[in-house]
């Protein structure tokens, strides 16, 4: 893989090569998706592992994010005498930004790392080479199901995160700080739009799921076959997916506005 | 085999939970929650200026929501705004001399169409048009008028352009 290079590697060239290889890998995965449907059980197992097993952390974090938003925004809005808008502000910021982004960051930490470590160890212990020798396509059997599982699981997790966040904000705003229950809900329902706010947030989380899963699978698949290589690959998964998710969030927000 | 079945069931439950959360968010916390489900009929109203009126803005009688704005279009012939209102069938008994006006909820809130019921014995039918309408109040116009006319107590009947002129260079000087 890393043969002797004629020149010292340039940072920019390396980065470009990584991005290019990642893009080509995405094409390979997409081409392998129809074949991977024969291993649909593997995809289901990955949805269970990356999605359902992440529910606890997603729900806990969603609840606390909602509660913190409730407290902070209540304080800020009370300066302007606008605490009635608490439900609106919390739900809009959750649906449009915090839900998809925070879920994607948690997803990268909880599921992305374990995908990278698992595939990296498969690479390091020559299991992937063994699959190739047995004429089992590792892209269709290993990479594609994990990618699909990320795309399926992320929007569902983001929706659960949002729902728990609204619950947390309601708990703080209505139950503790004494905001009127009817005002909280009616202001929210009158200004939140299902297509512009809820569905655009879901599109964002689909894109983030694809990006995080692609980076995790790619880092694992191309890791240096040593224990140090797996460690670096796992770190890179978290660093790269965090950066790409936040950058992509800006681009998507600008387009979906 | 039983272990495989258990995680398959778990995955199914997870997907179900995710979609339930999505359905909850979409139907209970958005404008769909106060979207009337029942049959409705349409009324039309012409305004010379709709201001910031948006699609799906509420239509209210006495402050109670009876429908929503279905479409806002420019009439190419008369060059005024033709607003189509979708009114809940439950409120079919609107006198046909009722008037429609665009109001703002609060000082800077969203705009809505307020209907002032008239006294005619005839009721609106599907597709009818409001005869009496009042356009949205433009805050900018009001401010502009106020600035041009000045306070009526100081300069009762003479909106002299010369009187206003000495003020403007000094305003410019302040900016520099």
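Annotations for the structure displayed:
- When A:129, A:84 are screened for being surrounded by fewer than 19 Cβ atoms within 10 Å (Cβ to Cβ), more than 14 Å from every other protein chain (Cβ to nearest Cβ) and part of a helix (DSSP H, G or I), only A:129 passes.
- Residue in the range B:150-173 that is at pLDDT 60 or above and over 30 Å from residue A:187 (Cβ atoms) present: yes
- Residue B:40 being within 14 Å of chain A (Cβ to nearest Cβ), within 20 Å of the chain's Cα centre (by Cα) and either under 30 Å from residue A:165 (Cβ atoms) or buried (at least 19 other Cβ atoms within 10 Å of the Cβ) (or both): no
- Residue within the range A:65-73 that is within 14 Å of another protein chain (Cβ to nearest Cβ) and modelled with pLDDT of 90 or more present: yes
- Of B:55, B:82, all but one fail to be within 20 Å of the chain's Cα centre (by Cα) and exposed (fewer than 15 other Cβ atoms within 10 Å of the Cβ); the exception is B:55.
- If you check A:51, A:112 for being at pLDDT 95 or above and out of contact with any strand residue (DSSP E or B) (no Cβ under 6 Å at 6 or more places or on another chain), only one passes: A:112.
- Only a single item in (1) within 30 Å of residue B:54 (Cα to Cα); (2) more than 12 Å from chain B (Cβ to nearest Cβ) is not met by residue A:190, and it is number (2).
- Any hit, the range B:45-58, residues being within 14 Å of chain A (Cβ to nearest Cβ) and part of a strand (DSSP E or B): yes
The values are calculated or read from the model by the stated rules, or taken from the named source; none is laboratory data. A quick note: this is a predicted structure, and the numbers were derived from the prediction, not measured. With ideal geometry, Cβ positions are generated from the backbone for all residues, glycine too; neighbour counts draw on all protein chains shown.
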